[in-house]
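Each remark here refers to the structure printed beneath this line.
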Amino acid sequence: MKYLLDTANLDAIRYYTDIFPIAGVTSNPSIVKKEGKIDFFAHMNEIRSIIGMDKTLHIQVTALDTDGMLRDAETILNKVDDQVCVKVPVTLEGIKAIKTLKKQDVNVTATAIYSKQQGFLAMEAGADYIAPYFNRMENMGIDPDDVIASFAEMIGLYGYHTQILGASFKNAGQVDRAFLAGAQTATMDPSILSAALTQAHILKAVDDFDADWKSVYGDVTISE
Ligand code: E4P
């Protein structure tokens, strides 16, 4: 399992990559918007310098047509680095761009996936990652567990190198389900990871251990 941060907030990226076992950072234009009118490429380069080259950085194209997407990809690779995973929505224009980018050996993350067929086509076009939108599917009455399990089945059956990058999560339970359905990777807002380790019952258990220890040994730890 690999965890990625779905944010462009530099403070959050610094803070949470230091704490959690993070494999990369993803964003999309809506996530970037939350940071205000930033100098886009300076910002993406800053994210890269925080996470280093051993983690994956996924940056989305903004053009809607194939040629524009290919120009966006080239600009991203030139202005950040050639290891970036270029995020391309799986539309008619997008799938054509994905095919071309894979012929050029560019790392591609196929995104905005709401259906099995979008994912299957992206795998067949050579995408390195496919990003099914878990919460958005659930909101539409589509079973995201089944969609992800189908992707995992096809990867197993036919040996695609594609990894499933679960996305669009609103809580830790959805992340659990995506991993259990077969997603190798999942990207989420850091608040989901943080919430998973700060539940009241966890803190209470730790407080109880602390009180019991101190009631016997006083206010010292075992190393003091
Ligand atoms: C991944 O990077 C996706 O773009 C993202 O997870 C979508 O999340 P949302 O449904 O919260 O907008």
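Within the stretch 94-114, can one find any residue that is of a type in the set (Phe, Trp, Tyr) and in a helix (DSSP H, G or I)?
no
Count, please, the residues in the stretch 18-61 that happen to be farther than 24 Å from Lys2 by Cα and touching a helix residue (DSSP H, G or I) at 6+ places or on another chain (Cβ under 6 Å).
Qualifying residue count for the region: 1.
From the list Thr162, Thr185, Thr198, which residue is away from the ligand (no atom under 15 Å from the Cβ) and closer than 20 Å to Pro89 by Cβ?
That would be Thr162, the only listed residue that is away from the ligand (no atom under 15 Å from the Cβ) and closer than 20 Å to Pro89 by Cβ.
Against the condition over 18 Å from Asp128 (Cα atoms) and out of contact with any strand residue (DSSP E or B) (no Cβ under 9 Å at 6 or more places or on another chain), how does Thr7 come out, does it pass?
Spelling it out, it is not the case that Thr7 is over 18 Å from Asp128 (Cα atoms) and out of contact with any strand residue (DSSP E or B) (no Cβ under 9 Å at 6 or more places or on another chain).
Out of all the residues in the stretch 53-101, which are within 20 Å of Val32 (Cβ to Cβ) and polar (S, T, N, Q)?
Selection gives Thr56, Gln60, Thr62, Thr75, Asn78, Gln83, Thr91.
Is it true that some residue in the stretch 62-72 is within 14 Å of the ligand (Cβ to nearest atom) and under 16 Å from the mean Cα position of the chain (by Cα)?
No; the residues of the stretch 62-72 include none that is within 14 Å of the ligand (Cβ to nearest atom) and under 16 Å from the mean Cα position of the chain (by Cα).
Residues of the stretch 28-39 being within 16 Å of the ligand (Cβ to nearest atom), surrounded by 14 or more Cβ atoms within 10 Å (Cβ to Cβ) and free of Cβ contacts under 8 Å to residues at least 40 places away in the same chain, which ones?
Result: Ile31, Val32, Glu35.
For residues in the stretch 131-159 being crowded, with 20+ Cβ neighbours inside 10 Å and within 11 Å of the ligand (Cβ to nearest atom), which is farthest from Leu4 (Cα to Cα)?
The selected residue is Met137.
If we only count helices (runs of 4 or more DSSP H) wholly inside the stretch 1-86, which ones have 1 or more residues that are more than 21 Å from Leu193 (Cβ to Cβ)?
Output list reads 29-33, 40-51, 66-79.
Go through the stretch 171-182 and count every residue that is within 13 Å of the chain's Cα centre (by Cα) and either acidic (Asp, Glu) or within 12 Å of the ligand (Cβ to nearest atom) (or both).
2
Has the stretch 76-86 got any residue that is of a type outside the set (A, V, I, L, M, F, W, C), surrounded by 15 or more Cβ atoms within 10 Å (Cβ to Cβ) and on the phi < 0 side of the Ramachandran plot?
No, the stretch 76-86 has no match at all.
The numbers here are math on the coordinates, done by the rules we state, and not lab data. It should be emphasised that the depicted structure is a prediction, and the values quoted were computed from it without experimental measurement. Note: ideal-geometry Cβ built from the backbone for every residue, glycine included; neighbour counts use all protein chains shown.
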